[in-house]
Amino acid sequence: MKIRVGFGYDVHRLVPDRELWLGGIRLEHTAGLSGHSDADVLIHAICDALLGAANLRDIGFHFPDTSADYKDIDSKILLRHTMMLVRQAGYELGNIDATVAAEQPKLSPFIPAMKQSLAAALSVPEADISIKATTTEKLGFTGRQEGIAAYATVLIG
Ligand SMILES: [Zn+2]
């Protein structure tokens with residue numbers, strides 16, 4: 001069996017008066033991520049990792065932010081569609097390992113709910129999804145709470 005690795009990275013800006021969606025769930029916070037869709041930075045990084053692993057371009061290619069179809073869209077829909085493309089290309093997910101860099105809010109208590117939400121959207125076992133949270137020690141844009149970054153690696157085969 002041929003196995004392939006993929007990597008994804010995404011950043012969204014934190015702004016007041018936006019809902020904060022991360023890993024497919026809504027978190028209570030004083031700010032939310034801005035973007036054309038719901039701006040779920042973790043899901044976007046995972047989508048890019050999946051597309052990269054299957055050599056299917058990137059999230060902007062499939063879901064352009066100039067399209068009204070994707071305005072404020074639930075990123076779980078994009079994730080489901082991405083996984084469908086990967087399966088159509090003949091692959092199944094091995095595992096996902098992702099890291100979210102955010103100073104606030106503290107994400108650790110919400111990771112089980114995120115894993116559950118992503119597993120449901122992808123139709124894979126929760127055991128195949130790892131999500132880690134880190135701060136950047138108050139350094140850089142994530143440390144100053146100007147934005148949240150997410151990194152994801154996936155294996156498909
Ligand atoms: Zn994004």
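The values are calculated or read from the model by the stated rules, or taken from the named source; none is laboratory data. Remember, predicted model here, so these are calculated numbers, not experimental data. Note: ideal-geometry Cβ built from the backbone for every residue, glycine included; neighbour counts use all protein chains shown. Areas reflect the complete protein model, heavy atoms only, side chains present, ligands, DNA and RNA absent. Shrake-Rupley method; radii C 1.70, N 1.55, O 1.52, S 1.80 Å.
Some points to look at:
- Measuring between their Cα centroids, the stretch 22-71 and the stretch 108-147 lie 14 Å from each other.
- Normalised by residue count, the stretch 7-157 yields a Cα convex hull volume of 95 Å³ per residue.
- The value of relative contact order for the stretch 4-156, using C-alpha pairs under 8 Å at least six residues apart, is 33 percent.
- Couplings 3J(HN,Hα) of the stretch 90-105, computed from phi: x, 10, 10, 5, x, 7, 10, 10, 10, 10, 10, 9, 8, 6, 9, x Hz, in residue order, whole Hz [Karplus 6.51 cos²θ - 1.76 cosθ + 1.60, θ = phi - 60°; x for Gly and Pro].
- Among ILE96, ILE131, ILE73: highest mean-square fluctuation, GNM of the chain, C-alpha pairs under 10 Å: ILE73
- Peptides 115-123, 84-92, 42-50 ranked from most to least packed by the mean count of surrounding Cβ atoms within 10 Å: 42-50, 115-123, 84-92.
- Extended-chain gain in nm, criterion 0.36 nm per residue less alpha-carbon gap, LEU85 and ALA127: 12.9 nm
- Using alpha-carbon coordinates, inclination of helix 111-122 to the longest axis of the chain, degrees: 40
- Nonlocal amide H pairs with HIS12, under 5 Å, H built at 1.01 Å: ILE148
- Cross-link partners of LYS115 among aspartates and glutamates (Cα-Cα below 13 Å; sequence separation of 8 or more within a chain): ASP97, GLU126, ASP128
- Rounded to the nearest 10 degrees, the angle from helix 75-88 to the longest Cα principal axis of the chain is 20 degrees.
- Computed from phi, the 3J(HN,Hα) profile of the stretch 134-148 under the Karplus parametrisation 6.51, -1.76, 1.60 (θ = phi - 60°) reads 9, 9, 10, 6, 6, 9, x, 5, 6, x, 8, 6, 8, x, 10 Hz, with x in place of Gly and Pro.
- Computed from backbone phi, the HN-Hα couplings of the stretch 151-157 come to 10, 9, 10, 10, 10, 10, x Hz, rounded to whole numbers (Karplus: 6.51 cos²θ - 1.76 cosθ + 1.60, θ = phi - 60°; Gly and Pro given as x).
- The calculated 222 nm mean residue ellipticity attributable to helices in the chain amounts to -8500 deg cm²/dmol, summing -39500 (n - 2.57) over DSSP H runs of n ≥ 4 and dividing by all residues.
- Solvent exposure of the chain as accessible area per residue, Å², 1.4 Å probe: 49
- Cut-off under 5 Å, modelled amide H: who pairs with LYS132 long-range: ALA98, THR99, VAL100
- Surface share of carbon and sulfur [accessible, 1.4 angstrom probe, percent] for the chain: 53
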